[in-house]
Every structure is written in C-alpha cells, then in structure tokens.
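Enquirer: My questions will all concern the structure given below.
Throughout, read-outs are computed from the coordinates displayed, never taken from laboratory work. Worth saying up front: this structure is predicted, and the values here are computed from it rather than measured. All Cβ positions, even for glycine, are placed from backbone atoms using ideal geometry, and neighbour counts span all protein chains on display.
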Amino acid sequence: MAMNSRSVSLTLFSLVVVTAVFSAAHGARKELVPGGWSPIKDLKDPVVVEIANFAINTHNKEAKSNLVFKSVIGGESQIIEGLNYKLDIEVEEGNCLNKYEALVWDKPSEKLLTSFKKL
C-alpha cells in the first residue's frame, strides 16, 4: 500500500500530537507523585479553607476549646488514597493570634483529623 505525501504528513502530525500529549501528561505526573508533598498554590481556595475549618471544628470538639479560624498561612497536599492536607492555620485563641499545624486526610467518604499541634 503506497502512501501519498498527504497521508505521510497526517501520520507525522498525529505522531507529534500524541508525543506532545504524552510528554505533557508525564510532566504533570511528576508534580503530583503519589506519596510526595506538593505546595498548595492558592491558600484561599474554598476547598483548602473548608479543610482548615474542618480541622479547627474537630479539634474544638475533641479538646473542648474555642479556636476561631482566621486564615491559612501555608500548606501542602499529598496524594495517598485521597488527599492529605498539611496546613498552617492562623487562629484566634481568646485575645491572641496563634498558629497551628493541622493534618487532615480527605477521603471520598470521610475526612479525618490526624494531627493538630501548636506551632
């Protein structure tokens, strides 16, 4: 079966597109390696704020405290059968501002606060 120049060009174009897509996908996977921590770029993302509030509310129930969320000041996420979030959170504690580190495991069926400690 002879190939004309148009079919050769189309075949080469398809090969270039497939290679570019594969390379882009491979590069994205390098950034989100399962088990590896990646910095959270948008600390004001509603999902991140929701995770921080979940951590504070859960801690308040367990410790019978009254911490009030102020902001997320740092954070990383990790893919591991869901997402682990490690967040540095600024809270109001009485008349003082304090910082805490919260670890939250967000699975499709539930969220778990795995650690909450003062920085």
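Enquirer: Name the residues whose placed amide hydrogens come within less than 5 Å of the amide hydrogen of Gly74, ignoring near sequence neighbours (fewer than 5 apart) on the same chain.
Expert: Asp88
Enquirer: Follow-up question, since we're still on this one. Let's test the formula: R0 of 25 Å, r as the Cβ-Cβ distance of Lys64 and Glu110. What FRET efficiency results, to the nearest 0.05?
Expert: Plugging the Cβ-Cβ distance into 1/(1 + (r/R0)^6) gives 0.65.
Enquirer: What are the aspartates and glutamates whose alpha-carbon lies under 19 Å from the alpha-carbon of Lys118, with same-chain residues fewer than 8 places away excluded?
Expert: Leaving aside aspartates and glutamates fewer than 8 places away in the same chain, those within reach of Lys118 are Glu62, Glu76, Asp88, Glu90, Glu92, Glu93, Glu101.
Enquirer: Tell me, what ³J(HN,Hα) does each residue in region 43-57 have, in order and in whole Hz, if you take phi through Karplus 6.51 cos²θ - 1.76 cosθ + 1.60 with θ = phi - 60° and put x for Gly and Pro?
Expert: 6, 9, 4, x, 5, 5, 4, 4, 4, 4, 5, 4, 4, 5, 4
Enquirer: Sticking with this structure for a sec: Take Lys118, project a point 7 Å from its Cα along the Cβ direction, then tell me which residues of region 62-83 have their backbone nitrogen under 15 Å from it.
Expert: 63-68
Enquirer: Let a ≥ b ≥ c be the square roots of the eigenvalues of the Cα gyration tensor of region 37-118; is it rounded (a/c under 1.5), or, if not, prolate (a/b larger than b/c) or oblate?
Expert: oblate
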